[in-house]
1. Pairs please, first residue from segment 149-165 and farther than 19 Å from residue 100 by Cβ and in contact (Cβ under 8 Å) with a residue 60 or more places away in the chain, second anywhere and away from the ligand (no atom under 13 Å from the Cβ) and of a type in the set (D, E, K, R), Cβ atoms under 7 Å, 6+ apart in sequence or on different chains.
2. Would you check which residues across segment 168-208 are away from the ligand (no atom under 14 Å from the Cβ), surrounded by 13 or more Cβ atoms within 10 Å (Cβ to Cβ) and not small (Gly, Ala, Ser) and list them?
3. Looking for whichever is of a type in the set (Gly, Ala, Ser) and surrounded by fewer than 24 Cβ atoms within 10 Å (Cβ to Cβ) here; the options are 60, 81. Which one fits?
4. For segment 1-26, name all the residues that are of a type outside the set (Ser, Thr, Tyr), in a loop (DSSP other than H, G, I, E, B) and within 16 Å of residue 185 (Cα to Cα).
5. Anything in segment 32-43 that is without any contact (Cβ under 8 Å) to a residue 40 or more places away in the chain and within 14 Å of the ligand (Cβ to nearest atom)? List them, or say none.
6. Note down all Cβ pairs under 7 Å where the first residue falls in segment 110-137 and is within 10 Å of the ligand (Cβ to nearest atom), the second is assigned to a loop (DSSP other than H, G, I, E, B), and they're at least six residues apart or on different chains.
7. Return only the number of the condition from (1) within 8 Å of the ligand (Cβ to nearest atom); (2) under 14 Å from the mean Cα position of the chain (by Cα) that residue 17 does not satisfy.
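Taken together, the values in this text are just the output of simple stated rules run on the coordinates, not laboratory data. Note that the structure is predicted; figures quoted are calculated from it, not measured. Quick reminder, even Gly has a Cβ in these numbers, built from the backbone with ideal geometry, and neighbours come from all protein chains shown.
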Amino acid sequence: MIALVSGGSRGIGRSIVLRLARDGHDVAFCYRSNEDAAERLAKEAAEHGTRVTATRCDVADGDDVRDWFTRTERELGPVDAAVTSAGITRDRPLVLMPEDDWNQVLRTNLDGVYHVCRAAAFSMSKRKSGAIVNLSSVAGVYGNAGQANYAASKAGIIGFTKSLAKECGPRGVRANVVAPGLIETDMVGEMPEAVLQKQLKNVALGRLGRPEEVADLVSFLVSERAAYITGSVFEIHGGGTF
Ligand code: NDP
């Protein structure tokens, strides 16, 4: 299988790249700016004996994503699975939120998913086969104070993916959402400690999730074991919904 992963250089995306390579798949991942992390990961993932490519590509830019997708299919072959993990936060109460923070989050998180899925759905539909997994968040399902921009982008991903599943199901393409809670990555590291501790108190299992635990779910969803699953939202949050 050939898998495409956006935002693969760090965090959850990184674990997904490693897991898919371990599963025996060729993986093309993209990152925005952290070239060192991307190169280190490409080497590590390739140790599983599959082909791994790392490309600098801003998912908010439609031309960038088209170039990345075309290059991937030219170098590796037709993409069978696409996973969108690229995402950012710009947290602030709505009344203090500058338009730029709103726009950047929506462009990266939601437009980014549109750009990747459009290219993937076109290619997969032609071959009548493929699986898409989009990373949302519990914030997109339940809302979260201080994250109106982020929650809007992540809720948008859910409506988008459910629609895509209905559109592309008849052409053999599945699309699902994974909505994580608090997962131990740089993104959570950026949260003020007091806010993190307060939110952790609401997590039934009493700990942060690990990126590998999210990657396990993604690995299942892109596989044939999930052949009858599409248009679904999978929450993975240890019992913590804020
Ligand atoms: P990280 O901040 O750890 O990593 C983000 C990744 O996305 C990096 O690889 C980064 O690249 C890449 N990226 C960011 N912006 C762009 C862009 N414009 N174009 C291409 N790549 C980009 O995030 P997480 O791993 O924590 O989050 C992954 C996904 O999971 C996100 O969509 C996030 O919203 C979601 N999520 C995370 C949760 C958590 O608790 N961590 C909870 C719920 C959802 P670079 O290294 O170059 O910066």
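1. 165/174
2. 168, 171, 173, 174, 176, listed by residue number.
3. Testing whether each residue is of a type in the set (Gly, Ala, Ser) and surrounded by fewer than 24 Cβ atoms within 10 Å (Cβ to Cβ) leaves just 60.
4. Residues satisfying the conditions are 7, 8, 10.
5. Within segment 32-43, 33, 34, 35, 36, 37, 38, 39, 40, 41, 42 qualify.
6. Partner pairs satisfying both residue conditions: 111/60; 112/59; 112/60; 112/86; 115/59; 116/59; 135/85; 135/87.
7. (1) is the only condition that residue 17 fails.
One line per residue, one yes/no per condition, for (1) in contact with a helix residue (DSSP H, G or I) (Cβ under 8 Å, 6 or more places away or on another chain); (2) under 15 Å from residue 121 (Cβ atoms):
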position: 55; (1), (2): yes, no
position: 59; (1), (2): yes, no
position: 65; (1), (2): yes, yes
position: 68; (1), (2): no, no
position: 76; (1), (2): no, no
position: 84; (1), (2): yes, yes
position: 87; (1), (2): yes, no
position: 91; (1), (2): yes, no
position: 97; (1), (2): yes, no
